[in-house]
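I have placed the structure first, in the form of structure tokens, so that the comments after it can refer back to it.
Only the coordinates and a few stated rules stand behind these numbers; no lab work does. All figures in this text were calculated on a predicted structure; none of them were measured in a lab. Neighbour counts are summed over all protein chains in view; Cβ atoms, including those assigned to glycine, are modelled from backbone coordinates with ideal geometry.
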There are 2 protein chains.
Amino acid sequence: MTEPRIGDVYGEVLRDALAVATGIGPRPLVGGRLPRPVIEIIERDDGLINGAPAAHYLDPPADWQPYDHRAVDRVRGATLDVGVGAGRIALLLQDRGVPVTGLDISPGALAVARRRGVRDLVHATVDDHVADGRRYDTFLLLGNNLGLFEGRERAPALLAALAALARPGAQIIAHGTDPYGTTDPVHTGYHERNRRRGRLGGQLRLRLRYRELATHWFDYLVCSPEEFAALVHGSPWRLTDLDTRDAPYYLATLTLTP
Amino acid sequence: MTEPRIGDVYGEVLRDALAVATGIGPRPLVGGRLPRPVIEIIERDDGLINGAPAAHYLDPPADWQPYDHRAVDRVRGATLDVGVGAGRIALLLQDRGVPVTGLDISPGALAVARRRGVRDLVHATVDDHVADGRRYDTFLLLGNNLGLFEGRERAPALLAALAALARPGAQIIAHGTDPYGTTDPVHTGYHERNRRRGRLGGQLRLRLRYRELATHWFDYLVCSPEEFAALVHGSPWRLTDLDTRDAPYYLATLTLTP
């Protein structure tokens, strides 16, 4: 098989999902005729593959999961939405008058967020954004973006970059999933193999695919609250709240140490 | 990346789709909690990948495309449903009192068809089924299963095997898709590359994937009615009707030459 071309998978997924939702612009059709839902494909390095409909990235607040509502209710002050995607979270905060900035590394995602009305958008990684001189009171890592901490290697650097972007008393609100409730051998075997290699059990090695495009392989962390607490230990942040009401999903709130 | 394990992808897809539709049995959940639609993943050898919701395999007649209704209305006599899948076509024919046999190479698909009420099922290829001694008046290759003719190498053998299974005056009703209406370079480039290699333009090289499983790579044909007519030429069959009312989809009817 030919390897797929590297490209802005997430941006293409969101662009097509927006076209399907609005009926505007070219969009995927079966046989050039029947509408085809936009499916984001996630491949894991052990050969596991899953397709997930992308429409949820555009969901209005009425269709959100309860933890998303509890997360946005915790927001205060200048807010950085890390991985703004199609902007569903940023749009609600804008409506509430919160000064919110959307950050993403996907040009396509930023274009979609802009078309949907998000006003303040930045194309950068968290690390690169430090040099822009802007500072925040709240950092949101929703939509499972606790995963961006990747594992033991990346977490300290990302926590340091967020601290460099933080005003005194700032908070990080991160949405994670505890992966260890499963008894599915496809997953438990993967977790064991990861640990044998010195990685966290749920330190996933993934790539996204959509049509002819793929991302490079990247690490994405699903971990227990205890593992996350251990990653935060010794950083400029302190785990000050853990909301597990929708377990296995959770919201971890970190507060900048004075 | 580890290569996925070879297995009964289609059977697993249908089993999970049935579990989701009925609410009975283990079924895919996000985080062990939220229902996840069953997505069949189709990978092409140029790196193109598509996910398609599998629920349509269970669709009741009210949700079918018009060409499926026109196809079943053409059925007469003992009928072999080639690639019976979850049995949606066979169930309707049973209801109409048509003596219908469902054929599939997927044990999982046959298990789902049986649970849904299809009574006469055979686990075999068309070629192997010849030795069983049963003979038919109608062969159905619906759900795009004109693709089973694969290309110039396979088509004569499959047409011969169907002729060996046929009673005098028998017919084949095959559903195909003309792929050449597209201007998408991802597809037109693939068609050109195929032709340079001596294959039909729409002679797809595919594998199916679902979770940890993949099929072997196989050829599956999407071709124009003209290309299909050329494949049939010189076989024991004659193209006696072409229904292009839902172009780019079409129904090709072949009749056994006396």
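Odds and ends about this structure:
- The residue of the stretch B:201-238 that is nearest to the other protein chains (Cβ to nearest Cβ), among those that are more than 30 Å from B:P28 (Cβ to Cβ) and either in a strand (DSSP E or B) or in contact with an Asp or Glu (Cβ under 6 Å, 6 or more places away or on another chain) (or both), is B:S224.
- Subset of the stretch A:167-192 that is of a type in the set (D, E, K, R) and more than 10 Å from every other protein chain (Cβ to nearest Cβ) - its residue that is farthest from the chain's Cα centre (by Cα): A:E192
- Scanning the stretch A:163-183 for residues that are exposed (fewer than 14 other Cβ atoms within 10 Å of the Cβ) and part of a loop (DSSP other than H, G, I, E, B) yields one hit, A:T183.
- Considered as a group, the residues in the stretch A:120-136 that are farther than 19 Å from A:A170 by Cα and of a type in the set (A, V, I, L, M, F, W, C) include one that is surrounded by the fewest Cβ atoms within 10 Å (Cβ to Cβ), and that residue is A:A124.
- Unique match (being over 14 Å from the mean Cα position of the chain (by Cα) and surrounded by fewer than 18 Cβ atoms within 10 Å (Cβ to Cβ)) among A:A157, A:A214: A:A157
- Looking only at the stretch A:39-55, and only at residues there that are surrounded by 23 or more Cβ atoms within 10 Å (Cβ to Cβ) and among the acidic types (D, E), the one that is nearest to the chain's Cα centre (by Cα): A:E40
- When A:G87 is tested against the conditions (1) in contact (Cβ under 8 Å) with a residue 60 or more places away in the chain; (2) on the phi > 0 side of the Ramachandran plot; (3) buried (at least 20 other Cβ atoms within 10 Å of the Cβ), the lone failure is (1).
- So A:G147, is it buried (at least 17 other Cβ atoms within 10 Å of the Cβ) and within 17 Å of A:C223 (Cβ to Cβ): yes
- B:A160 passes every criterion in (1) part of a helix (DSSP H, G or I); (2) closer than 20 Å to B:A71 by Cβ; (3) not hydroxyl-bearing (S, T, Y) apart from (2).
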